[in-house]
Each structure stands twice: as structure tokens, then as C-alpha cells.
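Enquirer: Here it is, the structure in full.
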Amino acid sequence: MADRSESDILAIRRLLKDHRAWLAKNSGQSGRRADLSFHDLSGLGLERIDLSHAKLTGAHLAGARLSGARFIETDLFNADLSQVDLTDAVLHAADLRGARLDGAVLAGADLRGADLRKGAIVLDS
């Protein structure tokens with residue numbers, strides 16, 4: 001995991017909180033769609049997070065724990081998802097074009113409609 005400053009961690013938390021409010025449009029809270037493009041989220045524990053419709057173009061998520069997470073119609077174009085735990089994650093219609101998924105755990109993951117063109121999935125032998 002990369003060394004992150006306290007301000008980096010607070011900025012990521014703020015973006016995730018705003019995204020949660022945006023997804024729950026009827027909550028009365030203001031929010032906005034998360035744009036975490038090119039952010040370093042490697043090694044983070046984000047189990048069961050809902051990042052549906054978020055923008056994660058080129059994001060570095062290597063080694064992140066994302067089991068049970070939701071990525072419905074999420075932009076993961078050219079993201080690094082190597083060594084990620086996506087057990088039981090939902091990636092309906094996710095844009096995974098050019099994404100690295102080598103060593104990722106995809107047990108029970110739902111990839112219906114996901115775009116995997118030119119991605120790199122390397123299976124362990």
C-alpha cells in the first residue's frame with residue numbers, strides 16, 4: 001500500500017461520502033458522483049462499498065479488498081485491479097476495457113454485461 005498523507009485519506013473519504021449521498025438521491029443530502037480517476041486506492045479495505053456509476057479511469061486499486069462491492073455501470077477503464085479481492089462483487093455493465101485483473105479473486109463476481117475488451121486477466125496455474 002502506498003504511503004498516504006492524512007489530507008489524501010480525508011479527501012478520499014470525502015469523495016466516497018459525497019458519492020454515497022449522490023447514490024441515495026432521496027436522502028435529502030447533497031452529493032455528487034465520485035471521480036476517483038487516477039487515484040491511488042491500492043491496498044484499501046473497501047468491502048461492500050457501492051461505487052456504482054463512479055468514475056475510476058486509470059485508478060490504482062492493486063491489492064484492494066473489494067469483496068461484496070458494487071460497481072454497476074462504473075468506469076474502470078484502464079484501472080489496475082491486480083491482486084484485488086472481488087469475491088461476490090457486482091460489476092454489471094462495468095467498463096473494464098484495458099483493466100489489469102491479473103491475480104484478482106473473482107469467485108462469485110457478477111460480470112454480466114461488463115466490457116472486458118483488451119483487459120489483462122492472468123490466471124494462476
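Values in this text are rule-based calculations from the coordinates and carry no lab data. Note that the structure is predicted; figures quoted are calculated from it, not measured. Note that we place each Cβ from the backbone using ideal geometry, even for glycine, and neighbour counts take in every protein chain shown.
Enquirer: Rounding to the nearest 10 and keeping the result within 0 to 90°, find how far the Cα-based axis of helix 6-23 lies from the longest principal axis of the chain.
Expert: Rounded to the nearest ten degrees, it is 80.
Enquirer: Going by average Cβ density within 10 Å per residue, which order do the peptides 75-87, 46-58, 13-25 take, highest to lowest? Provide the component values of the computation, followed by the final result.
Expert: Working: 75-87: 22.7, 46-58: 19.2, 13-25: 15.1.
Top to bottom by mean Cβ count within 10 Å: 75-87, 46-58, 13-25.
Enquirer: Cut-off under 17 Å on the C-alpha distance; same-chain residues fewer than 8 positions from LYS55 excluded. Which lysines are left, in chain and number order?
Expert: Reachable lysines: LYS17.
Enquirer: Then there is this: Estimate the FRET efficiency between GLU73 and ASP18 by the formula 1/(1 + (r/R0)^6), using the beta-carbon distance for r and 22 Å for R0, to the nearest 0.05.
Expert: Details: r = 18 Å, r/R0 = 0.82.
Approximately 0.75, to the nearest 0.05.
Enquirer: R0 = 25 Å: FRET efficiency of GLU47 with LEU116, Cβ-based, nearest 0.05? Kindly include the intermediate steps, with their values, before the conclusion.
Expert: Working: r = 23 Å, r/R0 = 0.92.
Given R0 = 25 Å and the Cβ-Cβ separation, E is 0.65.
Enquirer: In addition: Could you state the orientation-averaged shadow area of the convex hull built on the Cα atoms of segment 13-95, in nm² to one decimal? The partial results should precede the final answer.
Expert: Numbers: hull surface 19.1 nm².
Across all orientations, segment 13-95 yields a mean hull projection of 4.8 nm².
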